[in-house]
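Colleague: Below is the structure I would like to discuss, written out as structure tokens.
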Amino acid sequence: MNVLYECYQASLIKLKNYLLSFCDFCTPFFSRFGHDTCYKKMDLKAVVMAAGTGSRMREITSGIPKCLLPVGNIPLISSSLNILKQAGFLEAIIIVRENEKAKVQNAIENKFDLKLDIVGIPKHEDWGTADSLRHIKDKIKSSNVIVLSCDIVSDFALQNMIHLHRLRGSSLTVLLVPFPKSLKEAEVPGSKKKCKFERDIIAMDSHGKLIFINAEADFEETVPFKRNILEQNNEIKIYSNLMDAHIYIINQDLVNFIMNNVQISTLKGEFLPAAVKQQFNFKKQNNNTECNESSLAPILNQECIDLKKLAFDLSSANYSMYNSQPTLENKLVCFSYIDKDCFCTRVNTLVAFANINKKISNSFSLMGVEQVKSHQFQKSQVDSVSVVGENCELLPKSSIKQSALGSNCKLGEKTKITNSIIMDNVTFGKECVIQNSIICSNVVMENNCSLKNSIIGPDQTVQVLTKLNCEILQGSDHLMEI
């Protein structure tokens with residue numbers, strides 16, 4: 001009987017490997033089919049995280065919620081909502097800070113064919129993404145969850161990831177994309193320095209099962225791997241050039257784990273490494289010993305297993321062919337979903353914000369909102385790739401090239417703006433020259449000012465004849481050079 005059982009297991013593994021390879025091949029074609037049935041079976045709730053303060057770009061987020069930063073003149077969060085809409089979702093939960101709830105609602109309501117439930121979290125709480133999920137636990141009770149960050153700009157086909165998540169019987173699936181090459185050599189606006197990026201060290205087996213995921217900053221010269229992990233995997237691929245896009249599909253058991261473990265504050269930094277690690281937190285047991293408990297003991301409580309069953313249970317080929325919702329009572333398995341063909345960037349730094357706005361003409365299709373067409377202005381010039389918001393005034397001989405201009409702005413005579421981002425309610429005097437710069441809302445710039453690679457914070461007045469190069473003006477007329 002044991003021999004027959006072993007043969008059966010071996011055959012099943014080969015069959016599942018074949019099916020997985022077939023599924024990987026067919027994934028690009030999944031989007032041709034309907035999605036509603038899939039989401040109903042999985043009871044998949046969509047949650048958009050939009051409560052971040054934009055700590056890596058406070059120079060421009062002090063006067064506007066991060067999720068409403070303009071891409072062209074469309075709120076950043078629009079791209080995440082468009083990803084859900086294109087995948088067939090009908091509703092989504094958006095988590096924002098309570099004091100920003102009205103602003104977000106006014107900016108996005110009635111813009112998408114989605115029922116949006118905007119939930120506020122306390123203004124002064126220093127909560128991470130896992131804390132925010134616990135705040136809405138009553139809304140996602142008994143559900144699988146898909147979590148998206150509000151700062152994603154992408155044409156990624158989410159439905160493909162969802163289909164493969166089900167076929168693999170995954171407990172957690174993480175979207176990985178190539179790190180945008182255009183960001184690596186870009187200069188930081190307001191600085192003479194190159195931007196430093198935080199990379200991840202990601203390891204997976206040949207089928208995309210996650211073996212290791214941690215930030216590069218957590219290690220010095222070497223990255224340790226446990227011997228039992230190496231023994232259980234014949235092939236391990238290690239990446240440092242992939243970006244975690246912050247799109248996660250999390251099955252109900254892991255959602256419950258997040259709810260029950262208040263010490264976990266963030267999804268990226270704390271939950272992901274813990275979940276991936278727990279796949280291997282099983283040990284061979286003798287008949288006279290008890291099973292060791294892990295931090296996931298309430299979920300992973302199971303009887304002792306022998307070595308052969310252990311190898312099978314931990315195998316990347318051990319996918320559920322029959323159950324669309326595997327439970328952690330039987331297994332915990334975490335997968336990556338790598339999409340090397342989509343356009344995807346996270347707008348979470350000044351460099352990324354400036355870079356996405358340099359691609360204005362290509363970005364509007366990703367935002368899911370109809371482009372506001374540039375108006376015709378007599379005796380002034382606006383090139384074909386620039387965007388001009390509503391109620392703007394351009395006086396004679398002014399020009400805008402490769403730039404985004406918000407609403408209610410005014411350009412004085414002979415003012416020239418090139419490769420820059422101008423937010424709402426900005427007034428320029430005559431003969432100003434703006435290059436490679438970011439100017440926030442409610443700024444007044446007097447005559448004959450010159451800006452190059454600089455940032456002007458909100459509500460500032462730039463005095464006549466001011467010349468700035470690689471500088472930041474913010475606060476109470478405080479000039480700071482980096």
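Colleague: 5 Å is the cut-off here: which amide hydrogens, built 1.01 Å from N in the peptide plane, fall below it relative to residue 247, excluding neighbours closer than 5 in sequence?
Modeller: Distant-sequence amide H within range of residue 247: 175.
Colleague: How long is the gain from residue 459 to residue 237 if the chain were fully straight, where each residue apart is worth 0.36 nm and the alpha carbon distance is subtracted?
Modeller: Taking residue 459 through residue 237 to full extension adds about 74.9 nm, to one decimal.
Colleague: Using the beta-carbon distance between residue 433 and residue 99 and R0 = 41 Å, what value does 1/(1 + (r/R0)^6) give for FRET efficiency, to the nearest 0.05?
Modeller: Taking R0 as 41 Å, the efficiency between residue 433 and residue 99 is 0.65.
Colleague: Please list 381-391, 103-113 highest first by mean number of surrounding beta-carbon atoms within 10 Å per residue.
Modeller: Averaged packing, sorted descending, gives the order 381-391, 103-113.
Colleague: Considering only Cα-Cα distances, which of the following residue pairs are longer than 24 Å: 181/467; 111/410; 66/115; 103/123; 101/139?
Modeller: Those over the limit are 181/467; 111/410.
Colleague: Taking the Cα-to-Cβ direction at residue 469 and at residue 143 and moving 7 Å from each Cα, how far apart do the two end points lie in nm?
Modeller: Distance between the two pseudo-spin positions: 5.4 nm.
Colleague: Related question: Cα gyration tensor of the range 175-271, axes a ≥ b ≥ c as square roots of the eigenvalues: rounded (a/c below 1.5), prolate (a/b > b/c) or oblate?
Modeller: oblate
Colleague: Then there is this: Between residue 228 and residue 199, what length in nm is gained on full extension when 0.36 nm per residue of separation is reduced by their alpha carbon distance?
Modeller: 7.9 nm
Colleague: Extension gain residue 450-residue 256, at 0.36 nm per residue separation less the Cα-Cα distance, in nm?
Modeller: 64.3 nm
Colleague: Same structure again: Along the range 104-116, what does the Karplus equation 6.51 cos²θ - 1.76 cosθ + 1.60 (θ = phi - 60°) give for ³J(HN,Hα), rounded to whole Hz, x for Gly and Pro?
Modeller: So the J values, rounded to whole Hz, are 5, 4, 5, 7, 10, 5, 6, 8, 10, 7, 10, 7, 9.
Colleague: Would you please put 199-206, 227-234 in order of how densely packed they are, using the mean number of other Cβ atoms within 10 angstrom per residue and starting with the highest?
Modeller: Most protected by this proxy first, the peptides run 199-206, 227-234.
Every number here is computed from the coordinates shown, using simple stated rules; none is lab data. All of these numbers come straight from a predicted model, not from anything done at the bench. Methodologically, a virtual Cβ is constructed for each residue, glycine included, from the backbone with ideal geometry; neighbour enumeration extends over all protein chains shown.
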